[in-house]
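Heads up, the thing below is written out as structure tokens.
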Amino acid sequence: MSNFTVRKKEPYNVLLENEFNRKMVGERLVEARKSCGLSRENVADIESVGVHKNTLRAWETGEREASIEKIFVLASIYKTDPLQIISGNYQVNKSEYLYHDNEDGLLANPDYVQVLQYDLTASAGMGSYVVSENAVANFTFQKQWLASQGLHNKQLSILEVRGDSMESTLFDGDLMLVSLIDDPADAREGVCVLRYDDNIFVKRIQYDFPTRSYNVTSDNKRYNHFRVEEDDIISGRFSVVAKVERVVQRLSKPI
């Protein structure tokens, strides 16, 4: 059942070192700064930045690596998402700032919601199942769009898919927007994130009311289906963690 698990994702600082070119990050820092009409001297004079203009120049030219903490500080000053600077996933858009200014300073834009992507690591000890949730990224959604999808009042998260057992619905590397489940009655059927013992995985489920059990299937017919009996639910071995609402990012699709 572990063939389709949530992939452990490295934190931002490792991603920056291993996957993103410092020069490209520097170029995005320059672009974001100039879009706000700020010079290096202007930025260096801001107390929260706490570095000399020469350090800013080194970050922007790729000579040195800016810490993740400093990138977040600069992103708030430049009014853009820090993920745009780190990975280039978002474009700087003055009409859709994540933050806005008022007389009290920099505040979160009330028209947007940040949804965190989690790194889920599971361990079994003392007969119990423990999930360690570490936020590794954040995504920004318009509240209006979430409301139109019926998601405005749900607890949301982003999870990454691993494996091919749900092709052609979900592919390896997809990022899923999921709604976390408190009441099992909210997820009796559909594609869901499940926990069974030490495994976190994604399958299609259908609840069987007469037997109080779940039929669990894969969209990829090469994988066998199975049934989760009532005893496994009562004992806590099995639970529905979240319901998959939609794919928000697909890097590639297998040929």
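The values are calculated or read from the model by the stated rules, or taken from the named source; none is laboratory data. Remember, it's a predicted structure, so these values are computed and weren't measured experimentally. Every residue, glycine as well, gets a Cβ built from its backbone with ideal geometry; the counts of neighbours run over all protein chains shown.
Just a few scattered comments:
- All positions within the stretch 45-57 that are more than 17 Å from residue 68 (Cα to Cα) and part of a helix (DSSP H, G or I): 53, 54
- Residue match in the stretch 190-199 (condition: within 20 Å of the chain's Cα centre (by Cα), surrounded by fewer than 18 Cβ atoms within 10 Å (Cβ to Cβ) and modelled with pLDDT under 90): yes
- Residue satisfying all of: in the stretch 121-150; closer than 18 Å to residue 239 by Cβ, part of a strand (DSSP E or B) and not hydroxyl-bearing (Ser, Thr, Tyr); modelled with the lowest pLDDT among these: 124
- Among the candidates 168, 213, 218, the residue that is of a type in the set (Gly, Ala, Ser) and under 30 Å from residue 113 (Cα atoms) is uniquely 168.
- Applying the set (1) over 17 Å from the mean Cα position of the chain (by Cα); (2) touching a residue at least 24 places away in the same chain (Cβ under 8 Å); (3) surrounded by 12 or more Cβ atoms within 10 Å (Cβ to Cβ) to residue 144 leaves exactly one unmet item: (3).
- Which numbered condition residue 178 misses (of (1) out of contact with any Lys or Arg (no Cβ under 7 Å at 6 or more places or on another chain); (2) at pLDDT 85 or above; (3) assigned to a strand (DSSP E or B)): (1)
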